[in-house]
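*Asks:* Supplied in structure tokens, the structure appears directly below.
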Amino acid sequence: MNIENILQAAVIGAIKELYNADVDASQITLQKTKKEFKGHYTLVTFPLLKISRKNPEQTAQEIGSYLLEKSPLLSGFNVIKGFLNLTVASTVWLNLLGEIDNDPGYGFTPVADDAPLFMVEYSSPNTNKPLHLGHIRNNLLGHSLCEILKANGKRVVKTNIVNDRGIHICKSMLAWQKWGNGETPESSGKKGDHLIGDYYVLFDKEYKAELAELQARGLTKEEAEAESVLMKEAREMLRLWEAGDASTVELWEMMNSWVYTGFDETYKKLGVTFDKIYYESQTYLAGKEEVLRGLKEGIFYQREDGSVWADLTQEGLDEKILLRSDGTSVYMTQDIGTAKLRFDDYPIDKMIYVVGNEQNYHFQVLSILLDRLGFEFGKGLVHFSYGMVELPEGKMKSREGTVVDADDLMAEMIQTARETSQELGKLDDVSPEEAERVVTMIGMGALKYFILKVDPKKNMTFNPKESIDFNGNTGPFIQYTHARIKSVLRKAEEQGIAVDGPLQTALVLSEKEEGLVQMLAEFADVVKQAGSEFNVSLIGNYVYDLAKEFNQFYHDFPILREKDEALRTFRLKLSRNVATTIKKGMSLFGIDVPEQM
């Protein structure tokens with residue numbers, strides 16, 4: 001039962017009867033009534049005044065009176081300055097709760113075999129450093145978007161492109177070769193991605209020292225950079241790698257294998273998976289082929305030094321390099337190749353790139369270049385652009401080793417959850433094993449929720465301590481609400497109180513109870529909106545509002561102590577469906593909710 005659609009149809013009928021006019025649904029604006037007014041839905045009458053030829057108050061009064069008389073949906077109405085506030089009868093809400101209760105998949109659309117196929121790219125790590133806080137936001141947004149698209153009935157392929165080649169990779173390789181003394185993850189006791197990241201930082205440190213020494217001899221900064229032996233060696237290593245030099249490739253494979261083992265461990269902790277992983281070392285050649293084809297066909301042009309460029313001035317942009325003078329490729333080249341291979345591999349209907357907003361220009365250019373190369377999918381690419389994430393201390397820089405490591409942050413979140421839970425006595429009645437499981441759930445839930453509740457387009461500051469609060473708009477608050485409801489349901493079972501009895505439709509509900517059923521009914525629309533707008537934060541806002549409303553209801557109304565059996569059954573069934581909806585909503589964020597806390 002979609003109450004809004006039924007009300008909309010009733011209003012259309014009322015206008016036909018009252019004013020002998022035909023209107024379509026687009027002219028009927030129904031909104032959720034604001035909290036300060038009585039009612040559930042508000043009809044905006046101003047677009048109808050040309051039809052009624054009366055003032056807003058008269059129009060609202062006439063439509064309200066007609067609907068109250070003719071529609072069994074309504075129990076009352078009121079008019080506030082031309083806004084018609086409609087109160088839906090308790091019977092309707094009781095029937096609607098019964099429908100939601102009988103539909104385990106409520107809010108989610110089953111995925112059909114012929115549903116549109118969405119490919120979502122996220123993570124995109126470099127194999128010269130471990131995952132950091134920025135990667136966490138990327139991974140969580142990508143994973144959540146995939147879950148929301150699936151909940152909207154879309155087929156989804158979760159994909160990753162690993163940046164496993166290029167000058168930045170060679171910097172780590174060169175530093176290890178020069179100063180590593182054969183160090184391995186086993187000999188150092190470090191995760192492989194952390195070990196390689198240390199050498200990336202070491203290269204930058206030595207490079208800066210070299211530049212300082214050259215400048216001290218009287219060279220300008222630009223002259224020093226041009227004379228840097230370290231950078232020349234790194235570029236030569238890249239050239240050797242692209243030429244297939246055996247010893248260079250062997251070193252590259254060994255160091256990358258260490259990193260992949262480390263990445264897998266981090267992804268597992270984060271709860272993130274992929275259906276298909278592409279590697280730039282495999283896709284850049286396909287990109288070079290396309291660029292050379294474009295050059296041959298006159299789509300691109302070559303400069304005197306041999307570099308290949310695209311002229312985008314007609315599109316109001318600049319010129320973009322696609323191949324360097326030494327023949328090595330750039331990110332754009334490999335993204336062209338990756339896109340081609342993906343559309344060769346899958347019948348993709350929509351390709352979505354989850355990449356930070358600093359790459360807006362890059363994806364604007366990629367779309368144009370793919371279109372010029374004759375790929376029909378070029379114009380349809382979606383860049384899911386999101387803002388940067390920082391800590392209260394400020395911006396992170398991986399070259400300088402000031403990033404917030406993903407593994408360290410997750411460990412810190414779980415430890416903070418442990419300390420906070422112990423202080424509040426949340427784990428007093430559970431076994432040590434269960435306590436550890438719950439604190440992991442709380443710590444990871446706090447991290448994921450705090451990041452995903454923010455509009456993806458906005459920059460954000462992640463505050464670990466603030467995120468773990470059991471009050472306010474946090475993951476632990478929502479998780480605790482779920483556990484609280486589960487506790488009530490367990491006590492009902494222990495006391496032999498049935499929850500599955502039929503709902504008596506003659507019950508008169510409070511505004512708070514009707515409002516909670518209305519919120520449950522909105523879940524399907526929120527999931528749909530989050531999927532169509534690619535805005536995962538809508539789910540977080542909804543689940544928090546639902547948890548907050550339930551807690552107010554729990555505080556104001558008895559559940560197990562309610563003496564009226566029919567009303568008690570309703571409140572238990574309402575509580576159970578709130579818990580179910582919280583669990584579904586949080587699952588779209590990859591967050592587990594505990595049965596007890």
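The values are calculated or read from the model by the stated rules, or taken from the named source; none is laboratory data. In this text, all values refer to a predicted model and were calculated from it rather than measured experimentally. Here Cβ is always computed from backbone atoms with ideal geometry, including for glycine, and neighbour counts include all displayed protein chains.
*Asks:* Can you tell me which residue within segment 1-21, out of those that are small (Gly, Ala, Ser) and in a helix (DSSP H, G or I), is nearest to Ala524 (Cα to Cα)? Write out each step before concluding.
*Replies:* Going through segment 1-21, the residues small (Gly, Ala, Ser) turn out to be 9-10, 13-14, 21.
Filter again for in a helix (DSSP H, G or I), leaving 9-10, 13-14.
Working: Ala9: 20, Ala10: 22, Gly13: 26, Ala14: 28 Å.
Applying the filter and picking the extreme gives Ala9.
*Asks:* Testing Ser281 on (1) among the small types (Gly, Ala, Ser); (2) free of Cβ contacts under 8 Å to residues at least 40 places away in the same chain; (3) within 30 Å of Ser325 (Cα to Cα), one condition comes back false. Which one is that?
*Replies:* So Ser281 meets the others, but not (2).
*Asks:* How do the pairs read when you match residues in segment 123-136 that are farther than 18 Å from Pro456 by Cα with residues anywhere that are of a type in the set (Ser, Thr, Tyr), using Cβ under 6 Å and keeping only pairs 6 or more apart or on different chains?
*Replies:* Asn128/Ser172; Asn128/Tyr200; Lys129/Tyr200; Lys129/Ser398; Leu131/Thr266
*Asks:* Turning to a different aspect of this structure: Checking Glu595 against (1) buried (at least 19 other Cβ atoms within 10 Å of the Cβ); (2) within 26 Å of the chain's Cα centre (by Cα); (3) farther than 30 Å from Lys458 by Cβ, which test does it fail?
*Replies:* Condition (1) is where Glu595 drops out.
*Asks:* Also: I'm trying to understand the selection: among the residues of segment 99-114, which are closer than 21 Å to Cys146 by Cα and surrounded by 10 or more Cβ atoms within 10 Å (Cβ to Cβ)?
*Replies:* Tyr106, Gly107, Phe108, Thr109, Val111, Ala112
*Asks:* Shifting gears a bit: Which of the residues belonging to segment 198-219 are touching a helix residue (DSSP H, G or I) at 6+ places or on another chain (Cβ under 6 Å) and free of Cβ contacts under 8 Å to residues at least 24 places away in the same chain?
*Replies:* Glu210, Leu211, Leu214, Gln215
*Asks:* Now for a separate question. Does Tyr353 satisfy the condition of being assigned by TED's automatic domain parsing to the domain that holds Leu312, of a type in the set (Phe, Trp, Tyr), within 23 Å of the chain's Cα centre (by Cα) and under 30 Å from Asp114 (Cα atoms)?
*Replies:* For Tyr353, the condition - assigned by TED's automatic domain parsing to the domain that holds Leu312, of a type in the set (Phe, Trp, Tyr), within 23 Å of the chain's Cα centre (by Cα) and under 30 Å from Asp114 (Cα atoms) - is met.
*Asks:* Give the residues of segment 265-285 that are polar (S, T, N, Q) and closer than 17 Å to Leu588 by Cα, sorted by residue number.
*Replies:* Thr273 - this is the single residue of segment 265-285 that is polar (S, T, N, Q) and closer than 17 Å to Leu588 by Cα.
*Asks:* Take the residues in segment 54-72 that are touching a helix residue (DSSP H, G or I) at 6+ places or on another chain (Cβ under 8 Å) and charged (D, E, K, R), then tell me which one is surrounded by the fewest Cβ atoms within 10 Å (Cβ to Cβ).
*Replies:* Lys70
*Asks:* Checking the structure you have, find out if any residue of segment 444-457 is assigned to a loop (DSSP other than H, G, I, E, B) and surrounded by fewer than 14 Cβ atoms within 10 Å (Cβ to Cβ).
*Replies:* Among the residues of segment 444-457, at least one is assigned to a loop (DSSP other than H, G, I, E, B) and surrounded by fewer than 14 Cβ atoms within 10 Å (Cβ to Cβ), which makes the answer yes.
*Asks:* Moving on. So is Glu186 acidic (Asp, Glu) and under 25 Å from the mean Cα position of the chain (by Cα) or not?
*Replies:* no
*Asks:* What helices (runs of 4 or more DSSP H), lying completely within segment 242-352, carry at least 3 residues that are in contact with a Pro (Cβ under 8 Å, 6 or more places away or on another chain)?
*Replies:* Once the helices (runs of 4 or more DSSP H) in segment 242-352 are filtered for at least 3 residues that are in contact with a Pro (Cβ under 8 Å, 6 or more places away or on another chain), what remains is 246-270.
*Asks:* Right, something else. Of (1) assigned to a helix (DSSP H, G or I); (2) surrounded by 18 or more Cβ atoms within 10 Å (Cβ to Cβ), Ser487 satisfies all except one. Which?
*Replies:* Only one criterion is unmet by Ser487, namely (2).
*Asks:* Could you go through segment 303-325 and let me know if any residue there is of a type in the set (Val, Ile, Thr), touching an Asp or Glu at 6+ places or on another chain (Cβ under 7 Å) and within 25 Å of Phe203 (Cβ to Cβ).
*Replies:* So far as segment 303-325 goes, no, none of its residues is of a type in the set (Val, Ile, Thr), touching an Asp or Glu at 6+ places or on another chain (Cβ under 7 Å) and within 25 Å of Phe203 (Cβ to Cβ).
*Asks:* Then there's this: I need a count of the residues in segment 173-197 that are in contact (Cβ under 8 Å) with a residue 60 or more places away in the chain, assigned to a helix (DSSP H, G or I), within 13 Å of Trp258 (Cα to Cα) and not hydrophobic (A, V, I, L, M, F, W, C).
*Replies:* 5
*Asks:* Which one of these is small (Gly, Ala, Ser), within 27 Å of Glu514 (Cα to Cα) and not assigned by TED's automatic domain parsing to the domain that holds Ser510: Ala21, Ala25?
*Replies:* Values: Ala21 fails: within 27 Å of Glu514 (Cα to Cα).
One residue alone meets the criteria, Ala25.
*Asks:* Follow-up question, since we're still on this one. Report yes if Phe477 is outside any helix (DSSP H, G or I), aromatic (Phe, Trp, Tyr), closer than 29 Å to Thr416 by Cα and in the same structural domain as Leu427 (by TED's automatic domain parsing), otherwise no.
*Replies:* Considered against the rule, which asks whether it is outside any helix (DSSP H, G or I), aromatic (Phe, Trp, Tyr), closer than 29 Å to Thr416 by Cα and in the same structural domain as Leu427 (by TED's automatic domain parsing), Phe477 comes out as no.
*Asks:* Here is a follow-up. If you check Lys171 against the conditions, is it surrounded by 18 or more Cβ atoms within 10 Å (Cβ to Cβ), of a type in the set (Lys, Arg), at negative phi and more than 32 Å from the chain's Cα centre (by Cα)?
*Replies:* yes
*Asks:* Follow-up. Examine segment 583-592 for a residue that is modelled with pLDDT under 95, closer than 29 Å to Ile468 by Cα and outside the structural domain of Asp455 (by TED's automatic domain parsing), and state whether such a residue exists.
*Replies:* Within segment 583-592, none of the residues are modelled with pLDDT under 95, closer than 29 Å to Ile468 by Cα and outside the structural domain of Asp455 (by TED's automatic domain parsing).
*Asks:* Same structure, new question: Can you tell me which residue is nearest to Leu520 (Cα to Cα) among those in segment 31-48 that are among the aromatic types (Phe, Trp, Tyr) and outside any loop (DSSP other than H, G, I, E, B)?
*Replies:* Tyr41
*Asks:* Would segment 220-238 turn up any residue that is surrounded by 13 or more Cβ atoms within 10 Å (Cβ to Cβ), in a helix (DSSP H, G or I), without any contact (Cβ under 8 Å) to a residue 40 or more places away in the chain and not charged (D, E, K, R)?
*Replies:* Yes.
Matching residues to (1) crowded, with 17+ Cβ neighbours inside 10 Å; (2) under 22 Å from Phe263 (Cα atoms):
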residue: Phe363; (1), (2): yes, no
residue: Arg372; (1), (2): no, no
residue: Glu390; (1), (2): no, yes
residue: Glu393; (1), (2): no, no
residue: Met413; (1), (2): yes, yes
residue: Leu424; (1), (2): no, no
